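All remarks here apply to the structure that follows.
Each reported figure results from applying straightforward, stated rules to the coordinates on display, with no laboratory input. Computed from a predicted model, the values in this text were never measured in an experiment. FYI the Cβ positions are ideal-geometry reconstructions off the backbone, even for glycines, and counts take in every protein chain you see.
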Amino acid sequence: MKKFYDRTDAGRQLATCLQTYATRADTVVLGLPRGGVPVAYEIAHALSVPLDLCLVRKLSVPRSKEMAFGAIATEGVRVLNDEVIRWLNVSKREIEQAIAEEQIALQRLQQMCRGSRPQLDIRNRTVILVDDGIATGATAKAALAILRSQKPKEVVLAVPVAPQSECHHFRAMVDQLVCLMTPHPFRAISLWYEDFSQVTDAQVRDLLGKYPIEMAKLVESRSDQFGLTT
């Protein structure tokens, strides 16, 4: 399987599979910080729909930071993967310590990436939730839990790469799943990108801050195309 060059490349490829949602007034794209935001940015730009964040934090195994045993989101939502916890013998103390640390990190992430920017209202809207890949699925599950509590009309999960087993689980949890690659063996998300550089808070904030300008240009372009005035 051909690797994605970077997250921008992955977002543009995903966007080609989501064209049925282009320019729809009821659709919004939500990126999972940090890595999912550059992917989501490209999708939102290609579809000409609003972009926002879905804030969650992965709970990492102390001895293997890339491996997640769960995740937390705003509104007190937490998702724990009991199978991973048993497999890696993660203690109750380690679980509670990770949750406490990530709650602080989640608050910081919200302030750094969103600041005073209000969250988009997703009630009765189609939400396209985007990440740069799925490994254990804990982060996406936490995100879906918080999204469902806000009563969207439809939830689409869009990711460049994921294990086939996780895709099977998620198809039962969302209205539509779009995944471009399901390699076996999977091992890690980073293996399926040529460039998997860390995404910073500043990059997330810049993309989110830049997007309203991009949206204005897109609206103006469409207005010119159809001979409309704004």
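Taken as Cα centroids, the stretch 52-82 and the stretch 119-185 sit 15 Å apart, rounded to the nearest whole angstrom.
For residue 67, the residues whose modelled amide H falls within less than 5 Å of its own, excluding neighbours fewer than 5 places apart on the same chain, are 61.
Within the chain, the whole DSSP H helices whose Cα atoms reach 30 Å or more along their own axis and whose mean Kyte-Doolittle score is at least -1.0 are 201-225. Modelled this way, with points 7 Å down the Cα-to-C-beta line, the labels at residue 151 and residue 96 are 3.6 nm from one another. Close amide H contacts of residue 54 (hydrogens built in the peptide plane, cut-off under 5 Å, sequence separation of 5 or more or a different chain): 31, 32. Spin-label pair residue 107-residue 187: with each label point 7 Å from Cα along the Cα-Cβ axis, the two points sit 4.0 nm from one another. The H on the amide N of residue 155, modeled in the peptide plane, is under 5 Å from the matching H of 127, 175, 176, each at least 5 residues off or on a different chain.
Dividing the summed helix terms, -39500 (n - 2.57) for each DSSP H run of n ≥ 4, by the number of residues in the chain produces a 222 nm estimate of -12500 deg cm²/dmol to the nearest 500.
Between residue 171 and residue 195, the modelled label-to-label distance comes to 3.4 nm, taking each label 7 Å out from Cα in the direction of the beta carbon.
Note on the stretch 65-179: antiparallel DSSP beta bridges, both residues inside, total approximately 25 percent of the bridges counted.
Per-residue packing, averaged as other Cβ atoms within 10 Å, sorts the ranges 170-182, 9-21, 120-132 into the order 120-132, 9-21, 170-182, beginning with the highest.
Packing-based ranking of 80-87, 42-49, 24-31 yields 42-49, 24-31, 80-87, ordered from highest to lowest mean Cβ neighbour count within 10 Å.
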